[in-house]
1. Name the pairs whose Cβ atoms lie under 6 Å apart, with the first residue in the stretch 401-413 and among the hydroxyl-bearing types (S, T, Y), the second within 14 Å of the ligand (Cβ to nearest atom) and not in a strand (DSSP E or B), and 6 or more positions between them or separate chains?
2. Among the residues of the stretch 677-685, are any among the charged types (D, E, K, R) and within 20 Å of F233 (Cα to Cα)?
3. Do the conditions hold for H111, that is, is it farther than 28 Å from H276 by Cβ and out of contact with any Ser or Thr (no Cβ under 7 Å at 6 or more places or on another chain)?
4. Please state which one of V419, V450 is under 17 Å from I305 (Cα atoms) and assigned by TED's automatic domain parsing to the domain that holds G467.
5. For residues in the stretch 376-402 being more than 13 Å from the ligand (Cβ to nearest atom) and not in a loop (DSSP other than H, G, I, E, B), which is surrounded by the fewest Cβ atoms within 10 Å (Cβ to Cβ)?
6. Return the residues of the stretch 299-316 that are under 17 Å from L410 (Cβ atoms), more than 9 Å from the ligand (Cβ to nearest atom) and touching a helix residue (DSSP H, G or I) at 6+ places or on another chain (Cβ under 8 Å); say none if nothing qualifies.
7. Against the condition surrounded by 13 or more Cβ atoms within 10 Å (Cβ to Cβ) and more than 10 Å from the ligand (Cβ to nearest atom), how does V350 come out, does it pass?
8. Only one of (1) at pLDDT 95 or above; (2) under 27 Å from the mean Cα position of the chain (by Cα) is not met by T309, so which one is it?
Amino acid sequence: MSASYEVRGAVAVITLNNPPVNGLGYDTRRGIADGIDRANADPAVKAVVITGAGRAFSGGADIREFGTPKAIAEPNLLSLILQVEASAKPVVAALHSVVMGGGLELALGCHYRVAAPGTQVALPEVKIGLVPGAGGTQRLPRVLGVETALNMIVSGEPVKSELLAAVPGQKLIQKLIDGDLLAGAVAYAAEVAELHAKGGPLPRVRDLKAVHANADGYFAFARNTVKAMAKNFPAPAKCVDCVEAAVKMKFDDGMRFERDTFLGLMLTPESRALRHAFLGERAASKIPDVPEDTPQRKIEKVAVIGAGTMGGGISMNFLNAGIPVTILETAQEALDRGVGVMRKNYEAQVKKGKLKSDKYEQRMALLKTTLAYEDIRDADMVIEAVFEEMGVKEKVFKKLDEVMKPGAILASNTSTLDVDQIAAFTQRPQDVIGTHFFSPANVMRLLEVVRGKATAKDVLATVMALGKKIRKTAVVSGVCDGFIGNRMIEQYSRQAGFMLDEGCTPAQVDKAIEKFGFAMGPFRMGDLAGNDIGWAIRKRRATERAEMRYSRSADLLCEMGRFGQKTGAGWYDYQPGRRDAIPSPVVNEMIDQHRASLGIAPRKIADDEIVQRLVYALVNEGAKILEEGIASKASDIDMVYLTGYGFPLWRGGPMCYADTVGLFNVVQAMKRFARNPNDDQAFWQPAPLLAKLAAEGKSFT
Ligand SMILES: NC(=O)c1ccc[n+]([C@@H]2O[C@H](COP(=O)([O-])OP(=O)(O)OC[C@H]3O[C@@H](n4cnc5c(N)ncnc54)[C@H](O)[C@@H]3O)[C@@H](O)[C@H]2O)c1
C-alpha cells in the first residue's frame, strides 16, 4: 500500500507512503485516487488532507518507474491532478520536508496548501533536460507571480516555504504551520469545509490569472539571459516559452503547450543524456553482487601516507566531511610542505568567500601529522599516496600490514599499478582496495574504487558509502592497466598522436574536440597535466607492451624539454604567468619533420573525423572494458567520463553518445578507420560486444 487513508473527525487524511521520498509511482497515484473517491463518497467526510509519510511530502516522479509502462499508466499524474482539482470536497495539501516536481504539481492541484517552515519546494525538471509536465509551468506562475515562478522553473533550485510564503500577493501557501503539521492541516481543512458548507466554488489555481505588467519586454529579457546561460541545453529556453504560455494562453491551451513541449524535450539527445547521467549517478553505487544491506565497517579516523600532490587533496576531502586525518611522511619538511599547500588551498577558498574562516580552522584542527607508523595504527582506514613505484608501495603495505589494527581498510591511490599485487604484499588482501582519486583531489568529483580479486564485499560497500560521504561520484572498476578512465584515455591520446602524424596541428585537434564540447583538448590537457608523466609511463611500458604503437611526437616533445605549462612550453608556447595556449612554430616544425621521417604525405583531416576518431576510440575500449567486466555497466563508464574527464554533460558520456549516434553507424566509421594505413588498424576492429550489439540493433544502455 503506497498511500494510506484514515478519517479524523470530518477530515479524511491521505498519506503518501512510498519511501524514500514518496515518489508518485503507480501504486501511490492509485492510492491517492482511491482516497479522493472514498472521501467524496462518504457523507461524514467534509474535507481531505493529502500529506506524505517520513522524509518528504513527495519528491516527484518515482525514478524507479522511468521509462516503464507504469510511469504513464492511468491514473497518470495529469489525470490524478484533474481528479483532485475536481473534488467536490476541499482538498488541502500539507507540505513538509521535500516538495518537488510532480509533488509540487500535485499540491498545486489541491484547493489549499499549508506548509511546515523549512520545506524545500522546487520544480527540478530542467536539471534532467525537461520542463515540468503536469501543469507546473502553468499553475506556479498563477500563484507565485510570473518572475518568481520562472526563476524557480528555469533554475530548478529549491526555495524554502517561509520565503515563498513571504512573496507579496502569493497564493501558493495559505498558512505556515509550526509544530504538529498534520493536526494543523486537519484543523485548517475543517475550517475551510465549514466555509464551503454554505456553497460557493472551491478555489482552483487554474482559475487564477498569471499576469505581468510588461510581459513582452520581460520575456524578451528572460530569453536573452537564459540563452546566454544555457548554451547547449534546450530546456531552459523552453521553460520561458511555457511560462509565457501561462500568461498569454487560456489555461487548457497552456497545459497542451506544456505537454507538447515536455514530450518534444523527452526526445532530445540532451535530455536523454541528462536523464542518463542522473540515473547513472545513482546506479553507480549499486554493485551487482554486493547487496545494499551489506554491513559496513565504521570509518571514524583516516590516515593518509604521503603529503604530496594527491595526499594533501585526499586529506582535505575527509577534513571537509568532519573526519579526522593523520598524514604520515618520511621527513618533517615533506609534511610541512604538504600542510602548507593544504592551508593555501583553504585560504584561497576563504578569500573567495566560499569558506568561513572559523570553518577553515575547524577543519585544520582535525588534521594531525606524523613520521611514525605508531601514530596511525588505530585508523579505521589508511590511504596510501606515495611515489608510483612498486618497490615503494611494497615497503609501505608490508609496514601497514604489520601495524594497522585488524579490520582496518588499506587503500592505495595508485593510478597504474596492479592492486592485486599490492594486496599480496599483505596477509590481509581482503582488506585492500584501490581508491583512485583525480587531481586536484579536493576538487574533482570522480573516485574510481578499484576492486581487487580478494577485496571483501563489506570493504567495497564501506568505501562506496564513504565516497558518497565525501561527496564524490564513486565508480567501481576492476583491476586492469589504467582502470576504466586512463585505460580508455590512452586510446584517445594515441589517436590524437596519429592525427599529428597525418597532417593535423595540436591546435586543430584541440579546437575540433573542444567544439564537440570537451572542456579541454588532448594537447592543452597534456600541457596542463605535464607531458613528462605520460613519457615516463611509456618508457616503463616500452618493454611490457612493445606491441602498442603510438606517435613518437609526444616523446620528441619531451626530449625538447617541453613538459607543458610548468616549463613554460609544451605542445603550445606560454607567456610567463599566463595560461593561454599559443600555437608553437617550433612544435609544428618538429611534427612536420617527424611526419616526413615516417614518409607520410600530410592530408587535411576534417573536424568530423577528428571527433569521431577520438570519441570512438573511447567507445571501442569502453566496450572491451564492459565485456571483460572491468566496468559492470555502460553508465559507470559514462559517469567516469562525465565527472573525471570533462566529457560534455549534454552528450551523456561516450557510451551514451555512441547509442545516440547509433552503434551501426559507429561500427561503420570504425571499419573506415581500419583501412587507414597510418592508424592502428588492428585497434579499429570493433570490440566483439560492440559488433554484437550493432548487429542485433541494440545499444549499450
Ligand atoms: N598526480 C596525479 O595527478 C595523480 C592522480 C591520481 C593518482 N596518483 C597517484 O597518487 C600517488 C601519489 O602521487 P602524487 O602525485 O601525489 O606524488 P607526489 O610525488 O606529489 O607525492 C608523493 C609523496 O609521498 C611521499 N613518500 C614517498 N615515499 C614515502 C613513504 N615510504 N612513506 C611516506 N611517504 C612517502 C613523498 O615524500 C611525497 O611527498 C601515486 O601512486 C600516483 O600514481 C597521482
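The values are calculated or read from the model by the stated rules, or taken from the named source; none is laboratory data. It should be emphasised that the depicted structure is a prediction, and the values quoted were computed from it without experimental measurement. No Cβ is skipped: glycine too gets one built from the backbone with ideal geometry, and neighbour counts run over all protein chains shown.
1. From the stretch 401-413, the pairs are S412/I422.
2. Filtering the stretch 677-685 down to residues among the charged types (D, E, K, R) leaves 679-680.
From what's left, within 20 Å of F233 (Cα to Cα): none.
No.
3. Details: farther than 28 Å from H276 by Cβ: yes; out of contact with any Ser or Thr (no Cβ under 7 Å at 6 or more places or on another chain): yes.
The answer is yes for H111.
4. V419
5. From the stretch 376-402, those more than 13 Å from the ligand (Cβ to nearest atom) are 377-381, 401-402; that's our starting set.
Then keep just the ones that are not in a loop (DSSP other than H, G, I, E, B); that gives 381, 401-402.
Working: M381: 26, D401: 17, E402: 11.
Looking at the filtered set, the residue picked out is E402.
6. Correct list: I299, V302, A303, V304, S315.
7. It is true that V350 is surrounded by 13 or more Cβ atoms within 10 Å (Cβ to Cβ) and more than 10 Å from the ligand (Cβ to nearest atom).
8. For T309, the failing item is (1).
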